[in-house]
Amino acid sequence: MTQSTTSPPLSGADDETRVLHRIAPLDQWKAPKGAGPLHMKVAVLDLETTGLDPQHDEIIEIAAAIIQVDAQGRVSAVESMRTGLQQPRRPIEPNIANITGIDDAMVEGKRIYPDSVAEYLGRAQACLCFNAEFDRRHLEMLVPTVLEMPWICAMRDVAWRDLGFDGAAQNYLLAQAGMFNPVAHRSRDDVASLIHLLAHECRDGKTVMAHALEGAKAPSWRFEASDLPYRLQKDAYRRGYRRSYHGVYHKLVRETEHDAEVAWYRELVDRNPTTVPVDWVDRYRADWTWSPVNRKVEVAHWRR
């Protein structure tokens, strides 16, 4: 089985050659040398949907695998994989069928049972997706209990460029790690690709999984411009603030960005923003589930 441990640039005959190895099936997974005892279980999942809007579009396929991770972030085992198809209320549009490889005939009469999904995911201590913001918001509509689980985003919780990678697409990152999967966009195959990517050892000796866990557990804040004057809304938008379901302009801010963001906001508005501490349970939750009351709000401050 091929499990790459070479960091970019990829191995090859010379500097002008890159060698890619096809990922092996998950049922052939072997614990890496030096793997320690079980530290936590993580549910790695991927969805295919009829579109981008969780409040309008539906899940048509889900795949999830539970992996065992040691204290150093090494993937020691893949316990199991579950998949399911579901017939949506409306016909699948041709462009979606072309992207996902799933058409109406494939999902006819099929159903995903929320209780079964909740029970399976509940065996893990956290959920992980490549793009957690997309997958979590769709899954919340089907399985509300995932609101209570920690979530890890391999795309945003990993500082890919700092690790020598370029780009943000899963299969492109996989190729830079020396691997490829000839099948894309079906959930089962995307989960397999992601697990291999998580197991990749970066140039600093840590796995991608270790970096993802560190990023997910690191402090972050939801900066809210709750009383932003209309004339300043375009400035906030250009800065990355977006209007929420409740009409509040907001932005997710990481620890390394905190002080600079406070300074920018003070200069723009002449006061501190409202900041809400966000942990890995709340970070990627659907915008409409944020309540404007009963939150742990703190006043942004200058830190020495």
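The values are calculated or read from the model by the stated rules, or taken from the named source; none is laboratory data. Keep in mind the model is a prediction, meaning the values are calculated, not measured. Cβ placement follows ideal geometry from the backbone for every residue including glycine, while neighbour counts extend to all protein chains displayed.
If you go through segment 43-86 and pick out every residue that is within 12 Å of Met209 (Cβ to Cβ) and either in contact with a helix residue (DSSP H, G or I) (Cβ under 8 Å, 6 or more places away or on another chain) or among the aromatic types (Phe, Trp, Tyr) (or both), you end up with 7. Being within 20 Å of the chain's Cα centre (by Cα), surrounded by fewer than 16 Cβ atoms within 10 Å (Cβ to Cβ) and more than 30 Å from Met40 (Cα to Cα) holds for only one residue in Gly247, Gly240, and it is Gly240. Counting only residues that are touching a Lys or Arg at 6+ places or on another chain (Cβ under 9 Å) and assigned to a loop (DSSP other than H, G, I, E, B), which one in segment 200-226 is nearest to Asp70 (Cα to Cα)? By that ranking, first place goes to Ala218.
Just checking, does segment 145-152 include any residue being within 28 Å of Gln55 (Cα to Cα) and more than 17 Å from the chain's Cα centre (by Cα)? The answer is yes, given that some residue of segment 145-152 is within 28 Å of Gln55 (Cα to Cα) and more than 17 Å from the chain's Cα centre (by Cα). Evaluation of Asp27 against the conditions (1) modelled with pLDDT of 95 or more; (2) in contact with a strand residue (DSSP E or B) (Cβ under 9 Å, 6 or more places away or on another chain); (3) acidic (Asp, Glu) shows that the sole unmet condition is (1). When segment 252-274 is limited to residues that are crowded, with 19+ Cβ neighbours inside 10 Å and free of Cβ contacts under 8 Å to residues at least 40 places away in the same chain, the one that is nearest to Ser220 (Cα to Cα) turns out to be Val253. Out of the residues in segment 31-66 meeting the condition of being under 18 Å from the mean Cα position of the chain (by Cα), in contact (Cβ under 8 Å) with a residue 60 or more places away in the chain and outside any strand (DSSP E or B), tell me which one is surrounded by the fewest Cβ atoms within 10 Å (Cβ to Cβ). Once the filter is applied, the top-ranked residue is Leu52. Restricting attention to segment 268-283 and to residues that are outside any loop (DSSP other than H, G, I, E, B) and of a type in the set (S, T, N, Q), the residue that is farthest from Arg231 (Cα to Cα) turns out to be Thr275.
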